[in-house]
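**Q** I have a structure here, written as structure tokens, and I will follow up with some questions on it.
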Number of protein chains: 2
Amino acid sequence: MLTQGLRAPTHGPSLFHSHKPVLSGHVASCVPMVASSSARRGRASRRRRRICCSAAAEESTPAVVAAAKRPVTVNAVLTVLPTVGGAFAHIGITRGLDDIGDLLGKSLHLELVSAELDPATGLEKKTIAAYAHKANHGVEAAKYEARFSVPPSFGEIGAVYVRNEHHKEMYLSDIVLSSADDSIAVNISCRDEEFGRQTLAGLNPVSIQLVTEFPLVSKLDPNIYGPPESLITEELIEREIKGIMTVKEALEQKKLFILDYHDLFLPYVHKIRELEDTTMYASRTVFFLTPDDTLRPLAIELTRPASPTKPQWKQVFGPAWDATGAWLWKLAKAHALAHDSGYHQLVSHWLRTHCCVEPYIIAANRQLSQMHPIYRLLHPHFRYTMEINALARVYLINADGIIEQTFSPGKYSLELCSVAYGKLWRFDMESLPADLIRRGMAAEDPAAEHGLKLTIEDYPYAQDGLLIWSAIKQWLTDYVNYYYPDASHVKEDSELQEWWTEVRTKGHADKKDEPWWPVLNTQEDLIHVLTTIIWVASGHHAAVNFGQYHYAGYFPNRPTIARTNMPVEDYSDEEFAKFWAKPEITLLHCYPSQIQATIVMAILDVLSTHAPDEEYLGRGPEASWAQNPVIYAAFERFSGRLKEIEGIIDGRNANPELKNRCGAGIVPYQLLKPYSKPGVTGMGVPNSISI
Amino acid sequence: MLTQGLRAPTHGPSLFHSHKPVLSGHVASCVPMVASSSARRGRASRRRRRICCSAAAEESTPAVVAAAKRPVTVNAVLTVLPTVGGAFAHIGITRGLDDIGDLLGKSLHLELVSAELDPATGLEKKTIAAYAHKANHGVEAAKYEARFSVPPSFGEIGAVYVRNEHHKEMYLSDIVLSSADDSIAVNISCRDEEFGRQTLAGLNPVSIQLVTEFPLVSKLDPNIYGPPESLITEELIEREIKGIMTVKEALEQKKLFILDYHDLFLPYVHKIRELEDTTMYASRTVFFLTPDDTLRPLAIELTRPASPTKPQWKQVFGPAWDATGAWLWKLAKAHALAHDSGYHQLVSHWLRTHCCVEPYIIAANRQLSQMHPIYRLLHPHFRYTMEINALARVYLINADGIIEQTFSPGKYSLELCSVAYGKLWRFDMESLPADLIRRGMAAEDPAAEHGLKLTIEDYPYAQDGLLIWSAIKQWLTDYVNYYYPDASHVKEDSELQEWWTEVRTKGHADKKDEPWWPVLNTQEDLIHVLTTIIWVASGHHAAVNFGQYHYAGYFPNRPTIARTNMPVEDYSDEEFAKFWAKPEITLLHCYPSQIQATIVMAILDVLSTHAPDEEYLGRGPEASWAQNPVIYAAFERFSGRLKEIEGIIDGRNANPELKNRCGAGIVPYQLLKPYSKPGVTGMGVPNSISI
């Protein structure tokens, strides 16, 4: 039957070649729309024999374009396959810094060609051009995406003209056009239980803090920003939790927690609202620690401060059992998550790791001899950091760069980063135990492991982080006590003292007079300072960096920006009617745009990647250590302990009692597992900030 | 630039023809897999020139098939476009009873052909065959779906061989193959607020009832079924609601409601579990009426009764703030919704409308002259009912028919229907007011409109239903009092009395001695009986029928069946590990199978359709009435009132205070709007049960 079918179908079939088109170098080629019956007529059809690429169009696109009264947004997705010569393999598989440039590259230029001639002139209509941006790349294919605004006068799309401006040969497999204005059902958003869990075991586990005073009050000037009291009242919280306890009991028993993006963001709300295609609020998100030790989000307060023309606006949103309330809650979560994303990227990640490690590196290179034991100790932890920071300043955090284009604070991103540095950064709080205590997430307890009792026992970042922290500290204790058998050796090491003085007074000149700077008088002082520096460069950075693609690549889980006001704040009747009719579209418009989401997804993929030559904590001792039996043995213990920690973390992730890291469908918390293969693995603690 | 590009691309392009394949009549044609690089090798490649249809394969399919150790499920979706001759237009657009037959038709036969020869024999491997079922049809294209189980020995899929066994020419546009075993992110399930809302304004608004006694206790024999007490405790409920009130207060204030599928389903649990590819529980779902007058689901209890070999198993699930708990809650909702779907289809719809109207029709035709005013009155309300019921008995509720194949109770569907009739059906409770009072959803109140005070004021089915009920009742009051000016006329109308006697003693022979049968002694008696009959045939049927496609066509909103046990009941380690790793797959396996969902979607589309010649309540008076000025005027008032009711319902749907029918993204409650255009409109109250 098969043979017969293949040999001679009764009704003469058309020839339909498989994917053999080639689009290489700077060759211009034309890709017609052939999927709809209308596109088979007219010009595109007559010229079909010159076609060199296939194209598949969504059924509705030409009709949509033809019938629309307003410009229609058309998205094009291009699939590029590896070429036989393997030139693409280089683009597709080799990940690294080149890709950052690629992102910005305008490598594929597209033009939409109308299927109709201009009725007035009889000539071809003006084409509509756009560059395609690389959206992602796998081993087998890469996707590029472009977006066009097609006016109604354009008529049906007859063809797509593609020019490869890339320096490499590309093999374009297909183009799919679709209208972005179609209704899309969005039933997705960060689920409540996952929202809570990720504050403890997600990408930014360093913002959640204990609520110690209630009601919540802003410390900002009420004359400028309006009333400081939060609208999150005792009554409102008790409505949700009173079946378990009162607010008073919850405070006493340390059960209320907050993501507080109020005072930092409030002064920027009006400025950011003046930017195009975005908005801003300050936010407070309050959680309740359930008897299962999981965080249940209770309320999100969004605030717009007073301005010369408008009074303060604020409103509290919460889980709801009516449709409108449920959509408002989803939208409020999108805003709170966008704030968390911005804070994460600018403060938890860039400021606290990349940025603040620079002074240590510069001072070490200026003040310490390369033979100095502390230089040798720190050297692996400074690897590639200045280089990656230089690249970030060119491609990521530059003016109008990727961060400004895709994160909530927009062009105020780096200014906010500076404000956060001024308001929040303290060297003594960069140690993991101090950071936990400062946020109320732990209390000192000499009887407990690591000397700390966690407020939430199942806090994966803290649990695993303390293992790493303690391992580093033990290794440095061995190391420092070997080279500095006496406190006087520390005090009298002039290179060391000069290094530390330069860190404090030149690296952090703004803060040189702060009383909290540690002094280097004893071995303990030195151990603590070095442990803090190495923790920040290794564990802290790994925890906030290598999960970026996993947690934020899928934007509904963690949008980087929320672009529209809440429908209950100053909506026009028309806007409100749209929300009422299709709240899913309002949510989509609030989320990052398609281009923003695509850029973020691609850049987070790069940032989450371990290079093949990545160097991990406790691996490959410095050559000189191998010569010294005491140091070598100490390093071996350190290395062994880190292997042991891998096992402990695996064990925790398999323990169903630990519901914040083990449960149905949960991504296990592996960001502080010391080792990893190359690539995007969501685990591995490198020695240094190298990506 | 365009012209140049079109004229002479530098690198010789391959020809790539547009969709011109034709597959017509009973012609056999072959569709190769060309999208993956592997498929370009080997036999399919060499024979490419004989190919007559395009095919797009998911990138991963061949690899999945090649690498799998167990059989892999491969789904094929075929797109069929209208032929030039318009033959398809007939298939695609004309809806009606023919489609029921089409559903069962095996019109496209597919065979997967291996890309490899059998290494042992050197011959072609055995093909894998399946029929494609029609999944849906739009104006522009129809989709057919097929499912294959591909053993690992099969190797890569080289081609798909398609035979059209349909009697009409079909133009096959493309085939997309995908592996069903791939991980799919399912973030969708009926949302809590929508679950609650649909008990009041959805497809089955006649099951929700007030909780009047607490704790809940089964009335079934504990010796057979195990302990009767529910595990839904006061403590458990207060954990959620105590911020608002206690359980005692909630009972006093009528704030707790239930969907009770416990005692009816419990005796069938073990029997149904013996059927293939399904399971069963009894369920109780408890809701709390929030201060917004919306229902918030608090708990679902699932029960398996005791059996000779196993003890009773039951567990309560609720909204949760940990991942595992949240997935179990989604699964529990799937079960509860499947129970509601089964009850809806078998009891609320088939039994209470289609089935129980038959005795009235048969007795009327046997006992009343065609000239009799009550015959003339009822005649429009009996239109096509016997015919559609006969068809349903052939295609839907027959043994191994569509209902048994796709709804939870399986082959016990009609038995359950009979049991429900025996246990629950009472003529006197079929009137809308009595039904509401019986369920605790209303209480008599002479001061209130319609003489009833609703327990939940914003209960769209009851609110709109009472308008229709009262309009019918007014019309019948006018009609009956005209023909029966005196009670004695009722008593002495022997045709009428014979009709009613036959309804009671022959039509409902099983229940002929029930004390609740009304007698026909007065005009009021007659008015009430007739209003009940006409309400059931018009308003009740419309409310539970014409929203079927809207509410149940998308299966995650209302699965018709839940096929797998809860992961916490007797799972093997392997099954539980699968749930833990990919709970979304467990949920998908619990939901209806692809074939079940497809059949249900198609059949509900048919059932939800108003024919072009549909006759609506209050439209087109019987010819004889036009001759009688009194009756004609009364009918005109009835007709006018129904027009007025349309406006009242539209007004309610635009009132944001009524959160159960008006809110962001909510489908307005229109099922009891009297009029409709033809087609699937989700509104319109026909005179009779005609579909």
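**Q** What are the residues in the stretch B:247-268 that are assigned to a helix (DSSP H, G or I) and either hydroxyl-bearing (Ser, Thr, Tyr) or under 14 Å from B:ILE561 (Cβ atoms) (or both), if any? Give the derivation first.
**A** Here is the first cut: in the stretch B:247-268, the residues assigned to a helix (DSSP H, G or I) are B:247-252, B:266-268.
Hit for the stretch B:247-268 is B:TYR268, nothing else.
**Q** For the stretch B:471-485, give me the residue count where each residue is under 16 Å from B:ASP525 (Cβ atoms) and among the polar types (S, T, N, Q).
**A** 2
**Q** Right, next: Quick test of your reading of the structure: A:MET371 fulfils all but one of (1) assigned to a helix (DSSP H, G or I); (2) within 30 Å of A:SER624 (Cβ to Cβ). Name the failing condition by number.
**A** All conditions pass for A:MET371, except number (1).
**Q** Mind checking which residues of the stretch B:385-425 are buried (at least 16 other Cβ atoms within 10 Å of the Cβ) and in a loop (DSSP other than H, G, I, E, B)?
**A** B:LEU396, B:ILE397, B:GLY401, B:PHE407, B:SER408, B:PRO409, B:TRP425
**Q** Can you pull out every residue in the stretch B:546-565 that is touching a helix residue (DSSP H, G or I) at 6+ places or on another chain (Cβ under 6 Å) and open to solvent by less than 30 Å² (accessible area, probe 1.4 Å)?
**A** Hits for the stretch B:546-565 are B:GLN548, B:ALA552, B:GLY553, B:ARG558, B:PRO559, B:THR560, B:ILE561, B:ALA562.
**Q** Oh, and also: Identify, from the list B:ALA471, B:ALA487, the residue that is of a type in the set (A, V, I, L, M, F, W, C) and surrounded by fewer than 18 Cβ atoms within 10 Å (Cβ to Cβ). It would help to see each step written out before you state the result.
**A** On the way: B:ALA471 fails: surrounded by fewer than 18 Cβ atoms within 10 Å (Cβ to Cβ).
Unique residue meeting the criteria: B:ALA487.
**Q** Could you check, for the stretch B:635-650, whether at least one of its residues is more than 14 Å from every other protein chain (Cβ to nearest Cβ) and of a type in the set (Ser, Thr, Tyr)? Spell out the reasoning first.
**A** Looking only at the stretch B:635-650, we keep the residues that are more than 14 Å from every other protein chain (Cβ to nearest Cβ), and these are B:635-650.
Still in the list and also of a type in the set (Ser, Thr, Tyr): B:639.
Yes, because at least one residue in the stretch B:635-650 is more than 14 Å from every other protein chain (Cβ to nearest Cβ) and of a type in the set (Ser, Thr, Tyr).
**Q** Do you know which of the residues in the stretch A:280-300 that are part of a strand (DSSP E or B) and of a type in the set (S, T, N, Q) is farthest from A:PRO205 (Cα to Cα)?
**A** So the residue we want is A:SER283.
**Q** Being open to solvent by 40 Å² or more (accessible area, probe 1.4 Å) and under 25 Å from the mean Cα position of the chain (by Cα), is that true of even one residue in the stretch B:432-439?
**A** Taking the stretch B:432-439 first, the residues open to solvent by 40 Å² or more (accessible area, probe 1.4 Å) are B:437-438.
Remaining after also requiring under 25 Å from the mean Cα position of the chain (by Cα): B:438.
Scanning the stretch B:432-439 turns up at least one residue that is open to solvent by 40 Å² or more (accessible area, probe 1.4 Å) and under 25 Å from the mean Cα position of the chain (by Cα).
**Q** If we keep just the residues of the stretch B:661-691 that are touching a Phe, Trp or Tyr at 6+ places or on another chain (Cβ under 7 Å) and within 11 Å of chain A (Cβ to nearest Cβ), which is surrounded by the fewest Cβ atoms within 10 Å (Cβ to Cβ)?
**A** Out of the qualifying residues, it is B:GLY665.
**Q** Kindly provide the set of residues from the stretch B:672-691 that are in contact with a helix residue (DSSP H, G or I) (Cβ under 8 Å, 6 or more places away or on another chain) and β-branched (Val, Ile, Thr), ordered by number. Can you show your working first?
**A** In the first step, residues of the stretch B:672-691 are kept if they are in contact with a helix residue (DSSP H, G or I) (Cβ under 8 Å, 6 or more places away or on another chain); the result is B:672-675, B:680, B:682, B:684-691.
The answer is B:VAL680, B:VAL685, B:ILE689, B:ILE691.
**Q** Sticking with this one: Out of the stretch A:543-593, which residues are of a type in the set (A, V, I, L, M), in contact (Cβ under 8 Å) with a residue 24 or more places away in the chain and more than 16 Å from A:SER408 (Cα to Cα)?
**A** So the first thing to find is which residues in the stretch A:543-593 are of a type in the set (A, V, I, L, M), and the list is A:543-544, A:552, A:561-562, A:566, A:568, A:577, A:581, A:585, A:587-588.
Checking the rest, the ones that are also in contact (Cβ under 8 Å) with a residue 24 or more places away in the chain come to A:543-544, A:552, A:561-562, A:566, A:568, A:585, A:587-588.
Of everything in the stretch A:543-593, those that are of a type in the set (A, V, I, L, M), in contact (Cβ under 8 Å) with a residue 24 or more places away in the chain and more than 16 Å from A:SER408 (Cα to Cα) turn out to be A:ALA543, A:VAL544, A:VAL568, A:ILE585.
**Q** When you look at A:TRP625, is it more than 14 Å from every other protein chain (Cβ to nearest Cβ), over 17 Å from the mean Cα position of the chain (by Cα) and assigned to a helix (DSSP H, G or I), yes or no?
**A** Working: more than 14 Å from every other protein chain (Cβ to nearest Cβ): yes; over 17 Å from the mean Cα position of the chain (by Cα): yes; assigned to a helix (DSSP H, G or I): yes.
Judged against the criteria, A:TRP625 is a match.
**Q** Answer yes or no: is there a residue in the stretch A:255-271 that is open to solvent by less than 10 Å² (accessible area, probe 1.4 Å), under 22 Å from B:GLY243 (Cβ atoms), out of contact with any helix residue (DSSP H, G or I) (no Cβ under 7 Å at 6 or more places or on another chain) and of a type in the set (Phe, Trp, Tyr).
**A** yes
**Q** Give me the pairs, please: first residue somewhere in the stretch B:197-226 and open to solvent by 60 Å² or more (accessible area, probe 1.4 Å), second residue anywhere and assigned to a helix (DSSP H, G or I) and at pLDDT 95 or above, beta-carbon distance under 8 Å, and either six or more positions apart or on two chains.
**A** B:THR212/B:LEU251; B:PRO215/B:GLU234
**Q** Further question: Six or more apart or on different chains, Cβ atoms under 9 Å: show the pairs whose first residue is in the stretch A:632-659 and assigned to a helix (DSSP H, G or I) and whose second is open to solvent by 70 Å² or more (accessible area, probe 1.4 Å).
**A** Qualifying pairs under 9 Å: A:ALA634/A:GLN474; A:ALA634/A:TYR482; A:ARG637/A:GLN474; A:PHE638/A:GLN474; A:SER639/A:ARG619; A:ARG641/A:GLN474; A:LEU642/A:ARG619.
**Q** Moving to a separate point now. Which residue is farthest from the other protein chains (Cβ to nearest Cβ), if the candidates are limited to the stretch B:288-321 and must be small (Gly, Ala, Ser) and in contact (Cβ under 8 Å) with a residue 60 or more places away in the chain? Steps first, answer last, please.
**A** Keep residues of the stretch B:288-321 that are small (Gly, Ala, Ser), which gives B:299, B:306-307, B:318, B:320.
Cutting the leftovers down to in contact (Cβ under 8 Å) with a residue 60 or more places away in the chain gives us B:299, B:306, B:318.
Numbers: B:ALA299: 13, B:ALA306: 28, B:GLY318: 12 Å.
Going through the qualifying residues, I end up with B:ALA306.
**Q** Next up: Is the stretch B:103-117 home to any residue that is at pLDDT below 50 and open to solvent by less than 50 Å² (accessible area, probe 1.4 Å)?
**A** The answer is yes, given that some residue of the stretch B:103-117 is at pLDDT below 50 and open to solvent by less than 50 Å² (accessible area, probe 1.4 Å).
The values are calculated or read from the model by the stated rules, or taken from the named source; none is laboratory data. Bear in mind the structure is a predicted one, so any value in this text is a computation, not a measurement. For neighbour counting, all protein chains shown are included, and Cβ atoms are generated from backbone atoms with ideal geometry for every residue, glycine included. Surface accessibility is based on the protein's heavy atoms, side chains included, excluding ligands, DNA and RNA. Shrake-Rupley method; radii C 1.70, N 1.55, O 1.52, S 1.80 Å.
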